[in-house]
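Q: Provided herewith is a single structure, encoded as structure tokens, for subsequent inquiry.
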Amino acid sequence: MTRASLTAILATAAPARTQRSNYPEPFASRMAARTKHPLGDLFGLANFGVNLTRLGPGAVSALRHAHSVQDEFVYIIAGNPTLVTDAGDTELSPGMCAGFKAGTGDAHHLVNRTGEDVLYLEVGDRKPGDGAEYPDDDLQAALAADGKWRFFHKDGRPY
């Protein structure tokens, strides 16, 4: 089915991303128990992205990060992840949601500390010029003009 003919799908039937992470090593392997199903891309959406994401036991949604330009939103469908922010930990449950305004510097991610899978929707805008800081890791990122992320050490050396 082409994007032009795609009207609606069962979200859980959407193909998973073949590359688990854009992060360079040693960070990419930390995303091994995370599976993303890009939903927005299936419909040709360009202004924002939507992913159905599954976190296996022990998985994290991403490295803890804060975006400079991109707003993010998550909605928990199943499971009980822990939201980790600069303010501390918050236990989430199905039906709960959280939003992360760009430019605040409040780093965040979800951690599955349970023995059950977590399933959630994540939505983020795609404004150009975004960057991300990773306070717990020697990593920073910049979104290049070609739409691809470039990763650097905190001292500016590229990965």
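The values are calculated or read from the model by the stated rules, or taken from the named source; none is laboratory data. From a predicted model like this one, the values you see are computed outputs, not experimental measurements. In this analysis, Cβ positions are derived from the backbone assuming ideal geometry, glycine residues included, and neighbour counts consider all displayed protein chains.
Q: Give me a count of the residues in region 105-132 that are farther than 21 Å from Thr12 by Cβ and not aliphatic (A, V, I, L, M). It would help to see each step written out before you state the result.
A: Narrowing region 105-132 to residues farther than 21 Å from Thr12 by Cβ: 105-109, 111, 113, 125-132.
Okay, now just the ones that are also not aliphatic (A, V, I, L, M), so 105-106, 108-109, 113, 125-131.
Number of matching residues: 12.
Q: Sort out which residues of region 16-42 are in contact (Cβ under 8 Å) with a residue 40 or more places away in the chain and either under 16 Å from Lys148 (Cα atoms) or surrounded by fewer than 14 Cβ atoms within 10 Å (Cβ to Cβ) (or both), and write them in order of number.
A: Selection gives Asn22, Tyr23, Pro24.
Q: Follow-up question, since we're still on this one. Restricting to region 118-136, count the residues that are among the charged types (D, E, K, R) and surrounded by 16 or more Cβ atoms within 10 Å (Cβ to Cβ). Steps first, answer last, please.
A: Filtering region 118-136 for residues among the charged types (D, E, K, R) gives 122, 125-127, 130, 133, 136.
With the extra rule that they be surrounded by 16 or more Cβ atoms within 10 Å (Cβ to Cβ), the set shrinks to 122, 130, 133.
Final tally of qualifying residues: 3.
Q: Given the conditions (1) surrounded by 15 or more Cβ atoms within 10 Å (Cβ to Cβ); (2) part of a loop (DSSP other than H, G, I, E, B); (3) not acidic (Asp, Glu), and given that Ala66 satisfies all but one, which numbered condition is not satisfied?
A: Going through the list (1) surrounded by 15 or more Cβ atoms within 10 Å (Cβ to Cβ); (2) part of a loop (DSSP other than H, G, I, E, B); (3) not acidic (Asp, Glu), Ala66 breaks only (2).
Q: Given the criteria closer than 24 Å to Arg20 by Cβ and modelled with pLDDT under 95, does Gly147 qualify? Steps first, answer last, please.
A: Details: closer than 24 Å to Arg20 by Cβ: yes; modelled with pLDDT under 95: yes.
Here the answer is yes, as Gly147 does meet what is asked.
Q: If I ask for residues that are touching a Ser or Thr at 6+ places or on another chain (Cβ under 8 Å) and of a type in the set (A, V, I, L, M, F, W, C), which ones from region 53-73 would you list?
A: Within region 53-73, Leu55, Ala66 meet the criteria.
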